[in-house]
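J.: Have a look at this one.
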Amino acid sequence: MGLNAALAPRRLFPADNPWNQPVDTAQVDPNSDAIVAAIGSAKALHPDFGASYNGGPFGIPYVVVGAMQAKAAVSFDYADESDPGPYPIPVGAPIEGGAGSSGDRHVLIIDRDAWKLYELYAAYPQPDGTWHAGSGAVFDLNSNVPRPAGWTSADAAGLPILPGLVRYDEVAAGVIPHALRFTVARTRRAYLPPARHWASSDVSALRPPMGMRVRLKAGYDISAFPASAKVVLTALKKYGMMVADNGSDWFVSGVADGRWIDGEINSLKQVRGSDFEVVRMAGVVVP
């Protein structure tokens, strides 16, 4: 198993993990309309993944390894909030944006035998075989124990990345059984569990805290969409998507995979911000 290997039928994290909990019957937040408007009611949902951009797939890749994978030492810019190595990074591990990228450069690794998820942000291989990264996190996929309060991860919200990605294998199977990950341009200086970290100085209650979840409105008609897009939209109705990082508004994250049919995935751009509602928030942490 290797790059973008199918993980199904194994579900990332236990069934009662927040990522895997439906929110289709949850209450709507009293400030939903105002928060959605602040993000952009007329702005389009944007799939930040696909098969072809600048000559290849785009999105966030991942790689699956086994117990025999050698581990590499990793140093961190934010070592005080990163899980120490070593990390089981294979030679040629896929980096978000490619080896020459100056972007987020996420590296995501699943150890299928230990059932652990290793994630790095701003990851750079070093000549001596070690790696240097901005931050890193290790998640036990059999556990619901979150990161320490206030800690980042390889994502600004302190969340794992891979569980929130649109993955080709799930779309092909016809069901995405978990929430998705998305970004907004301006977040609040606050976080909502399961998020653990904030990345803003804005204290406005109209800005979404990290971890805020939205869902596609139940009455939104998906009947005319291509089959692959319907799978994504159905998941957005049942599980919604969580604010995980600062970025472009309404950008939903997925795996870089050459098997995507971009024309089908791009049909998601018909959805507007006004088609979403904010799931009622309780327990927002304001540092």
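J.: Answer with yes or no whether ALA229 is in contact (Cβ under 8 Å) with a residue 12 or more places away in the chain and outside any loop (DSSP other than H, G, I, E, B).
T.: yes
J.: Another question, then. Sort out which residues of the stretch 157-193 are surrounded by 24 or more Cβ atoms within 10 Å (Cβ to Cβ), outside any loop (DSSP other than H, G, I, E, B) and of a type in the set (Ser, Thr, Tyr), and write them in order of number.
T.: Scanning the stretch 157-193 gives a single hit, TYR191.
J.: Follow-up question, since we're still on this one. So, of the residues in the stretch 217-246 that are of a type in the set (S, T, N, Q) and either over 14 Å from the mean Cα position of the chain (by Cα) or closer than 18 Å to ALA44 by Cβ (or both), which turns out to be surrounded by the fewest Cβ atoms within 10 Å (Cβ to Cβ)?
T.: SER223
J.: Hey, which of the strands (runs of 3 or more DSSP E) in the stretch 107-156, taking only ones fully inside, have at least 3 residues that are in the same structural domain as ASP83 (by TED's automatic domain parsing) and among the hydrophobic types (A, V, I, L, M, F, W, C)?
T.: Result: 107-111, 135-140.
J.: How many residues are basic (Lys, Arg) and either surrounded by fewer than 14 Cβ atoms within 10 Å (Cβ to Cβ) or not in a loop (DSSP other than H, G, I, E, B) (or both) when one looks only at the stretch 194-216?
T.: Of the residues in the stretch 194-216, 2 are basic (Lys, Arg) and either surrounded by fewer than 14 Cβ atoms within 10 Å (Cβ to Cβ) or not in a loop (DSSP other than H, G, I, E, B) (or both).
The values are calculated or read from the model by the stated rules, or taken from the named source; none is laboratory data. Predicted model only: the values in this text are computed from it and were never measured. Using ideal geometry, Cβ is built from the backbone for each residue, glycine included, and neighbour counts are taken over all protein chains shown.
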